[in-house]
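Report on the structure given below.
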Amino acid sequence: MKAFTKSIVLVALTLTLTGSAWSAGTTVAGKWKGQFDSQIGLQRYSYEFKVDGTNLTGTATGEREMGTNTMAITEGRVSTNGIFFVEPLKFDDNDIRIEYTGKVSGDEIKFHRKVGDFGEEDFVAKRVTEAESTVEAKPAAKSETKLGTNSPAAKP
C-alpha cells in the first residue's frame, strides 16, 4: 500500500509541475515590449515569444541610437520559476552572449539582462495587447499643413 501511495503522490507532483510550466508557457507566448538605459544609451526592445512545452523560441528586436537589429533567441526555456533565453549578438567582430532571466506576473515580465562581462540591467517588459498590435500595423495618416495656416495642404 505504501508503494501505491508513493506512486500516486509522485504522479500528482509531476502533473503539478508540468501543469505549472505549461501555464507559464501559455502566459509568455506573444509580443512584449520594454526599454532600459544601458552603457550605450536608451534601448527599446520588442520580443515575440513562442512556446512549445517548456521550449521557448522567438525573436528579440533591439532599437538603439546605433540602429536596429533582430535576433533569433536561443536556449529558451520556460519553467515554474520563470523564463530564460539567450540573445546572441554580433557587435563588430565580437560575439556577445546576452542572457535573460525573467519572472512572469500577469502582463509583465521582470527581466534581468546580463550582457557578457560588460554589464547588467533590470527592466520590465509589458505584453502588447491585440489593440496595440493593430495600431502599430496601421500608422496614423499624416496630414501636411501649410506654414502660417491651420488648413491641410492641397493634394496635387
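Suppose each label sits 7 Å from its Cα in the direction of the beta carbon; what would the Val86-His112 distance come out to in nanometres?
The answer from the label model is 1.8 nm.
Sum up the charges of everything whose Cβ sits under 13 Å from the Cβ of Glu108, counting Lys and Arg as +1 and Asp and Glu as -1, but leave Glu108 out.
Around Glu108, the charge tally is +3.
Stokes-Einstein D for region 36-125 at 25 °C, 0.890 mPa s, Kirkwood Rh over Cα pairs, in µm²/s?
182
Gain in length, Ile40 to Ala131, computed as 0.36 nm per residue apart minus the alpha-carbon separation, to one decimal in nm?
29.6 nm
7 Å from Cα along Cα→Cβ at both Glu65 and Ser105: what's the point-to-point distance in nm?
3.2
May I ask for the net charge around Asn81, where only other residues with Cβ less than 13 Å from the Cβ of Asn81 are counted and Lys, Arg are +1 while Asp, Glu are -1?
Taking every other residue near Asn81 into account, the sum is +3.
Computed from the coordinates by the stated procedures, all read-outs in this text should not be read as laboratory data. From a predicted model like this one, the values you see are computed outputs, not experimental measurements. Methodologically, a virtual Cβ is constructed for each residue, glycine included, from the backbone with ideal geometry; neighbour enumeration extends over all protein chains shown.
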